[in-house]
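Reviewing the structure listed below.
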């Protein structure tokens, strides 16, 4: 329209088949995309250590072997490296984990060398922008020697001069792992990276199969432009810029016409002979969210001062900002007084509890439409659309030192629905009986298989185990059989469950191998329990 001839440039240090995924992203033909795959960035040699924490027998349930947590091990490593004046970043998936690693390292440094204790901090999403910028600057100029971070520091922020990286728990994909360990040695110096295995089937598998990390290409980028939850707000934004003409609809993919009809019915767009028009006085850009999170951010507000401490994504709030939850911010602990979803805030009060909190939920999965099936003898693999209904029903208080459950309280929160894609497997009862699984053990066996399969899915799909969810049941209302579901945790699906369906043989073989190779007798955190 404006007579421009734009050139698009995309950059990623870690993406398999970058020209194919970039062409798909901008709607161009692969032949029109030129890949530049030679890495000219300065980088010294990196020594990578795969570290499995020490196990002690007999302390866990069923006398299963128990090992030190990745959090405790990573905190020790961060402490030791800071004591040696080695500039270090420790990555972990969860916000609570980042705060805990920083707290432990700070406490240990105070005991050994108090002058270094203030040179360790936590970094994560949810901090206010000015707080994040101050931490980044302190890390760049050396005032901070150690930082514990979520993936918020993985990419997009220029920090050179780091000498070591500790990765506490597998980050989900090889691409993410190489992004994280690539944070060290950027000034051309030698660097150290340590992957500390967590209590997770995939972590255990990878420390014993390093070829699955280093001898395999990084994952291709997985995204689905035709996902109606992604496409709908983009069609609105396009129509708001210029009314969409009929001849342009095909450029938005095979589902665009159907999505346009639904947007007209909902009143977001108006259809006229010349095309589709945006009708709302508000900006259409407000509909577009970078995260498929199902809700806007929740502000964390200190009750006494009215100060905004940070933010939290809406889906997390039922788990981490419910009334009575312990909220941690840069080592300071608060108790949540109120969660007000209508006004998007949680009110918190400063406190010093000797416990932390974990929410408990119940989940139901309903099959909406079965799209693909494949029979393997008596066992059947399925793929299709499902509705996942989740309700947080209570929370537990657990002792910080021992993890002992101190009490449990009910919660009155609304159920949330997720319409997404799932792979599921059905197994006749007699097949399980023939395998020696007695009827009372069927629910536990299916649950263990579900957890182990979710843990190993990132081997074949470019996802994190937290990108997917699961449900297992000895008798499902829709299938009328023992069933294991593994579903995408994103509205409309994200391609992970479908990838699991397409590579089910390799995926389930790796799952079986991880369980077979485990040292425990009956199932432990390293093979079938969910972290």
**Fill in**
Fewest to most Cβ atoms within 10 Å: 166, 484 sort as 484, 166
**Item:** Helix-derived mean residue ellipticity, 222 nm - over the chain, DSSP H n ≥ 4, -39500 (n - 2.57), to 500
**Value:** -8000 deg cm²/dmol
**Request:** Please order 312, 432 by the number of other Cβ within 10 Å, starting at the fewest.
**Result:** 432, 312
**Request:** Consider the candidate values [x] 33, 32, 21; [y] 36, 32, 27; [z] 52, 29, 24; state which one is semi-axes √(5λ) of the Cα gyration tensor in Å computed from the structure displayed.
**Result:** [y]
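Determine, from the Cβ-Cβ distance of residue 430 and residue 373 and an R0 of 22 Å, the FRET efficiency 1/(1 + (r/R0)^6), rounded to the nearest 0.05.
Numbers: r = 20 Å, r/R0 = 0.91.
E between residue 430 and residue 373, to the nearest 0.05, is 0.65.
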**Radius ratio Rg over Rh of the range 223-287, counting only Cα atoms, Kirkwood formula for Rh** = 0.92
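Please give the contour-minus-distance gain from residue 416 to residue 213: 0.36 nm per residue of separation, less the Cα-Cα distance, rounded to one decimal in nm.
Working: separation 203, 0.36 × 203 = 73.08 nm, distance 3.63 nm.
Net length gain for the segment: 69.4 nm.
Among 200, 313, 217, which comes first, second and so on when ranked by fewest other beta-carbon atoms within 10 Å? It would help to have the intermediate numbers written out before the result.
Values: 200 24, 313 16, 217 11.
Ordered by Cβ neighbours within 10 Å, fewest first: 217, 313, 200.
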**Request:** Post the alpha-carbon centroid distance, the range 296-363 to the range 383-451, in whole angstrom.
**Result:** 25
**Request:** Determine the relative contact order of the range 223-287: mean sequence separation of Cα pairs under 8 Å and six or more apart, normalised by residue count, in whole percent.
**Result:** 40
**Prompt:** Do you know the relative contact order of the chain, to the nearest whole percent, from alpha carbon pairs under 8 angstrom that are 6+ apart?
**Reply:** 12
**Request:** Express in whole angstrom the spacing between the alpha-carbon centres of the range 11-25 and the range 111-182.
**Result:** 26
**Request:** Apply 1/(1 + (r/R0)^6) to the Cβ-Cβ distance of residue 40 and residue 189, taking R0 = 22 Å, and write down the FRET efficiency to the nearest 0.05.
**Result:** 0.80
**Request:** Determine, for each peptide in 374-383, 97-106, 497-506, 204-213, the mean count of other beta carbons within 10 angstrom over its residues, then list the peptides with the highest first.
**Result:** 97-106, 497-506, 204-213, 374-383
**Prompt:** Contour minus end-to-end for residue 31 and residue 279, with contour as 0.36 nm per residue of separation and end-to-end as the Cα-Cα distance?
**Reply:** 85.5 nm
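Quick note: the coordinates plus some simple rules give every number you see, no bench work behind them. Because the structure is predicted, anything quoted here is derived from the model rather than measured. For neighbour counting, all protein chains shown are included, and Cβ atoms are generated from backbone atoms with ideal geometry for every residue, glycine included.
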